[in-house]
Amino acid sequence: MKKSVFLGALTIAGLAAGAGSAATLDDVTARGTLNCGVTTGLVGFAAPNANGEWQGFDVGVCRAVAAAVLGDPTAVEFVPTTGQTRFTALASGEIDMLARNTTWTFSRDVDLKFEFTGINYYDGQGFMVPRELGVSSAKDLDGATVCIQTGTTTELNLADFFRTNNMAYEPVPIETNAEAQQQYLAGACDVYTTDASGLAATRATFETPADHVILPEIVSKEPLGPLVRHGDNEWGDVVRWTLNALIAAEELGVTSANVEELAAGTNNPEINRMLGTEGELGAMLGLDADWAKRAIMAGGNYGELFETHIGENTPIGLARGLNAQWTEGGLLYAPPFR
Amino acid sequence: MSASTDVPKESFRLSQLIYDTRYRSITIQVIALVLLIGALWWLINNTVQNLETLGKDFDFGFLTQPAGYDINQRLIEYTSQSTHGRAAIVGILNTMLVAILGCALATVLGVIAGVLRLSKNWLVNNLMAVYVEGFRNVPLLLWIILIFAVMTESMPRPSDFRGDEPEATMFLGDSVAVTNRGVYIPRIGFENSIGPAGATWREESTAAIEAGEEEPAEPPSSLVDWLIVLGVLGASIYGARWNTRRANAAQEATGERPTTWHVNLALIVLPTLAVMIALGATVAQPYLRGFNFAEGIHLRNSLIALWLALSLYTGAFIAEIVRAGILAVSKGQTEAANALGLRPGRTMSLVILPQALRVIIPPLISQYLNLTKNSSLAIAVGYMDVRSTLGGITINQTGKELEGMLLLGLFYLVLSLAISALMNVYNNSVKLKER
């Protein structure tokens, strides 16, 4: 019998096909919509509401950028990403910016070639356990089964925490927050660990939130912020200063209610420069003079966004804590608009 | 008389490349080759340029960097301080584990279902038809998720086993615990285990007994122990086959077949038992400690869901292949065997199946390959196969998508070719010998 060997040709299909065009701002303007990467669903930060509209704290940042650049806070195409897919989506140009409670780390900034444009939430990793377990400290978790979203910094912190405390654990790797919630409630894991804000948001969606406790230990620093591709500084500036405008607006007392009135001109030169009645800050960014006004009108200033979506009057009930303005003992400190 | 005329020596013209059949095929091949090289060049150039725009380099150095993440199911030693390369190997072994388990169970299920589908019993026949059509026609991913969901949602929690009147109890004399985190089964440990782990255990347990503690830890088992046991078992089986051959020879010479089963049984069981006793085999049963069960072997839900779903799904395809193989053997063979007085069971095993195998093996290879590649759906249930470690977390933490995906592709290619090669060797041994 004859034997023939066929060698198939290996084809590397269109890798990095649509990658890295330099002028994202032009692309977004030409397209008329902003492609914004968000989570697959974390109530309070980014999740579709009953009408299917995306809502949340991170979504607010996307909408502010869209309002500043395109003049329309609804001109956003939300792209849900998981912990694993988010960086590829951004690097390949599928999304223009990522606002998905992503931790600013050295390697992501330097090695993965991204540009963090600021911090919109100072967070830390926490642990949630059912109250009936009777656990009061994360140090009691030796031998526990832990649900953990893969591809996150929390995964690495978790390994470090248990190793340095000489404890064993069984990780249950999970793709999305919704899956984690289901596994945790089914009792397939004793502990769910992610950013403390995420735990609060997840717990708020439980039927009986009081049956679950968030342990006091915060085991890491998780500064969360929006990010863009490295190398497109103009676009990075737009996102950075839109976020700064939201933060500065709260400090300066500019809210979505009074921005219209203040935009007519005030005797505070910084407000005037930010809202475009003085100076050329908008033109320097490649936008028009009203950019910051529109960004603030989209969902309010930083404080308003916080109160609407994750603040103490929402089911999630997060206190401002580190995320208060620097004038009130927090870490929020926007550079001057000058 | 010469009828031949000299063919006038034509000079070569360019148009011959298209119109002359002698040259045309070469022309077409050359053009196709040039186009192919062009396309490849475009792809590579495009990739290189895009990497450059992104400011990324092409470098496999990340494989020697510490991984930093933990893996729950590891067949070799691994901690979060091990390298990304080792994490990839852990993933590779997990992929191979589920592939081997899956192929074995799928073959068993497939052969049984395939044979039973030909049964004349209406109920059996139709039950098998339902199995085959049900599994063949629903996407594999759904089966994986369904089995996983059933395991996590409807099985008792480890804490349900606690207390004086527990809500759940263990099976088989307190040796198997089915929980919503997986199934815990007993494992075998060797008191005289060879290797450092065994030595440490002996020291510790002597110390524990001297200190008067009641329950010292269960003994460990090392790879060497198992290799010795399996080696002895293999040699015993070879011995049993030799005994069978001797019986065959005796039958051919005298017509009387000496009874072989008790000798075979003794040949297989006794040496293995002896070596197990010499190594000091003990059974370590799982027991509840802290949050989870300790000791024993933990078959995680992810492994069980993936394994069962892959086996049931591929088994349905194999059932059809087996059925086709059996139907391909002409009915005359069965009738001839019956005429010679062979019982139906012997007819199947001596006459039908050996011939059917020739038809069955080649498509079976491709089912094995499918199963192996489908195991990359592991990501759906968080099974830490190579797609989840190297192709998932490692890529995500290091940003080396291209390198990671190339390695991943290469691994699946090599594994598939290895499976094909092995199965081809087997195929050669059962195929029709042409002389």
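Who wins for biggest fluctuation among A:Ala201, A:Ala188, A:Ala295 in a Gaussian network model of chain A, springs between alpha carbons below 10 Å?
With Cα springs under 10 Å in chain A, the top fluctuation among A:Ala201, A:Ala188, A:Ala295 is at A:Ala188.
Between B:Leu14 and B:Ala129, how many nm apart are label points set 7 Å from Cα along the C-beta direction?
About 6.8 nm, to one decimal.
Can you give me the long-range amide H partners of B:Ala281? Hydrogens built in the peptide plane at 1.01 Å from N, cutoff under 5 Å, separation of 5 or more residues or another chain.
Sorted by chain and number, the residues that satisfy this are B:Glu191.
Please compute the contact order of the range B:1-106 in relative form: average sequence separation of alpha-carbon pairs under 8 Å and at least six residues apart, divided by the residue count, as a percent. Numbers along the way, then the final one.
Working: 53 pairs, mean separation 14.3, N = 106.
That works out to 14 percent.
Give the cysteines in the protein assembly as shown for which no other Cys Cβ lies under 4.7 Å away, or write none if there are none.
So, B:Cys103.
Across the range A:44-131, what fraction of all alpha-carbon pairs, as a whole percent, falls in each successive 10 Å bin from zero upward?
14, 43, 33, 8, 1
Using Cα positions and a limit of under 12 Å, work out the aspartates and glutamates in reach of A:Lys113, with same-chain residues fewer than 8 apart set aside.
Of all the aspartates and glutamates, those that pass the test against A:Lys113 - Cα under 12 Å, at least 8 places apart if same chain - are A:Asp232, B:Glu52, B:Asp57.
Can you list the aspartates and glutamates whose alpha carbon is less than 14 Å from that of B:Lys56, not counting same-chain residues fewer than 8 positions off?
A:Asp109, A:Asp111, B:Glu401, B:Glu403
Can you tell me which of B:403-416, B:288-301 comes out highest on packing, and rank the rest after it, using the mean Cβ neighbours within 10 Å? Display every interim value, and only then the final one.
Numbers: B:403-416: 16.9, B:288-301: 18.6.
Top to bottom by mean Cβ count within 10 Å: B:288-301, B:403-416.
Would you pull out the residues with amide H under 5 Å of A:Ala144's amide H, same chain only if 5 or more places away, H placed 1.01 Å from N?
Correct list: A:Glu170.
Taking the Cα-to-Cβ direction at B:Ala217 and at B:Lys120 and moving 7 Å from each Cα, how far apart do the two end points lie in nm?
Result: 6.2 nm between the two label points.
Can you tell which of A:Gly41, A:Gly187, A:Gly303 shows the greatest fluctuation in a Gaussian network model of chain A with Cα springs below 10 Å?
A:Gly187
Add +1 for every Lys or Arg and -1 for every Asp or Glu among the other residues with Cβ under 11 Å from the Cβ of B:Gly189, and state the total. Please list the in-between numbers first.
Numbers: positive: B:Arg187; negative: B:Glu191, B:Glu218, B:Asp225, B:Glu295.
Residues near B:Gly189 contribute -3 overall.
To the nearest 0.05, what FRET efficiency results for B:Asn248 and A:Asp142 with a Förster distance of 41 Å applied to their C-beta separation?
Details: r = 61 Å, r/R0 = 1.48.
Rounded to the nearest 0.05, the efficiency is 0.10.
Which order do peptides B:333-344, B:268-279, A:153-164 fall in by mean Cβ count within 10 Å, highest first? Spell out each step's value before the answer.
Details: B:333-344: 12.3, B:268-279: 15.0, A:153-164: 19.9.
My ranking of the peptides, most packed first, is A:153-164, B:268-279, B:333-344.
Report relative contact order for the range A:222-338 in percent, whole number only (criteria: Cα-Cα under 8 Å, sequence separation at least 6). Could you put the intermediate results ahead of the total?
On the way: 135 pairs, mean separation 29.8, N = 117.
Value for the range A:222-338: 25 percent.
How large is ³J(HN,Hα), in whole Hz, for each residue of the range B:56-73 in order, when computed from phi with the Karplus curve 6.51 cos²θ - 1.76 cosθ + 1.60 and θ = phi - 60°, using x for Gly and Pro?
Listing the rounded values in order: 9, 9, 10, 7, 9, x, 4, 5, 9, 7, x, 6, x, 10, 9, 10, 6, 9 Hz.
B:Tyr78: accessible area at probe 1.4 Å, nearest 10 Å²?
In the full protein context, B:Tyr78 sits at about 10 Å².
Could you work out, residue by residue across B:83-91, how many beta carbons of other chains sit within 10 Å of that residue's beta carbon, and then give the average as an integer? It would help to have the intermediate numbers written out before the result.
Values: counts 0, 0, 0, 0, 0, 0, 0, 0, 0.
Going residue by residue through B:83-91 and averaging, the value is 0.
How much FRET efficiency would the formula 1/(1 + (r/R0)^6) give for B:Lys433 and B:Thr169, where r is the Cβ-Cβ distance and R0 is 56 Å, rounded to 0.05?
Values: r = 56 Å, r/R0 = 1.00.
FRET efficiency, B:Lys433 to B:Thr169: 0.50.
Quick one: which of A:Lys221/A:Lys293; B:Lys120/B:Lys331; B:Lys331/B:Lys431; B:Lys373/B:Lys400; B:Lys331/B:Lys373 span more than 26 angstrom between C-alpha atoms?
On the way: A:Lys221/A:Lys293 32 Å; B:Lys120/B:Lys331 15 Å; B:Lys331/B:Lys431 20 Å; B:Lys373/B:Lys400 22 Å; B:Lys331/B:Lys373 37 Å.
Beyond 26 Å: A:Lys221/A:Lys293; B:Lys331/B:Lys373.
Within a 10 angstrom radius of each residue's Cβ in A:184-194, how many Cβ atoms of other chains show up on average? Whole number is fine. Could you put the intermediate results ahead of the total?
On the way: counts 0, 1, 9, 11, 12, 4, 7, 1, 0, 0, 0.
The mean count of partner-chain Cβ atoms within 10 Å per residue comes to 4.
Using only C-alpha positions, report the orientation-averaged shadow area of the convex hull of the range A:182-246, nm², one decimal. Don't skip to the end; give the middle numbers.
Working: hull surface 27.8 nm².
About 6.9 nm², averaged over all directions.
List the residues whose amide H sits under 5 Å from the amide H of A:Val213, counting only those 5 or more places along or on another chain, with H placed 1.01 Å from N in the peptide plane.
A:Val129, A:Arg131
Connecting C-alpha atoms closer than 10 Å in a GNM of chain B, tell me which of B:Ser330, B:Ser420, B:Ser82 has the biggest fluctuation.
The residue that fluctuates most here is B:Ser330.
Hey, what did chain A get for relative contact order, percent, Cα under 8 Å, at least 6 apart? It would help to have the intermediate numbers written out before the result.
Working: 630 pairs, mean separation 71.3, N = 338.
Taking the mean separation of contacting Cα pairs over the length of chain A, I get 21 percent.
Over chain B, give the accessible area per residue in Å² for a 1.4 Å probe, as an integer. Present the calculation step by step, with values, prior to reporting the outcome.
Numbers: 24950 Å² over 435 residues.
Accessible area per residue: 57 Å².
Let me know the mean shielding of A:82-88 by other chains, meaning the per-residue number of their Cβ atoms within 10 Å of its Cβ.
Details: counts 1, 3, 7, 1, 1, 5, 4.
For this peptide, the per-residue mean of nearby foreign Cβ atoms is 3.
Return the distance in nm (one decimal) between the two label points of a simple spin-label model at A:Glu234 and B:Thr53, each offset 7 Å from Cα along Cα→Cβ.
1.5 nm
Sorted by average packing, counted as other Cβ atoms within 10 angstrom per residue and highest first, what order do B:386-398, A:55-67 take?
Working: B:386-398: 25.7, A:55-67: 28.1.
Averaged packing, sorted descending, gives the order A:55-67, B:386-398.
Accessible area, 1.4 Å probe, largest first: how do A:Leu70, B:Leu303 sort?
Working: A:Leu70 45, B:Leu303 10 Å².
Solvent-accessible surface, decreasing: A:Leu70, B:Leu303.
Given the Cα-Cα distance of B:Ala418 and B:Asn338 and 0.36 nm per residue of separation, how much length would full extension add, in nm? Before the final figure, lay out each step's value.
Numbers: separation 80, 0.36 × 80 = 28.80 nm, distance 4.05 nm.
Full extension of this stretch gives 24.7 nm more.
Counting Lys and Arg as +1 and Asp and Glu as -1, what is the net charge of the other residues whose Cβ lies under 12 Å from the Cβ of A:Ala200? Don't jump to the answer; show the numbers that get you there.
Numbers: positive: A:Arg203; negative: A:Asp123, A:Asp195, A:Glu312.
Charge balance in the 12 Å sphere: -2.
Grab the other residues whose beta carbon is less than 12 angstrom from that of B:Thr47, score K and R as +1, D and E as -1, and report the net. Show your work: numbers first, answer last.
Details: positive: B:Lys56; negative: B:Glu52, B:Glu401, B:Glu403.
Around B:Thr47, the charge tally is -2.
The values are calculated or read from the model by the stated rules, or taken from the named source; none is laboratory data. Just so you know, these numbers come straight off a predicted model, no measurement behind them. Backbone-built Cβ (ideal geometry, glycine too); neighbour counts: all protein chains shown. Protein only, heavy atoms only, side chains kept; ligands, DNA and RNA dropped before computing areas. Shrake-Rupley method; radii C 1.70, N 1.55, O 1.52, S 1.80 Å.
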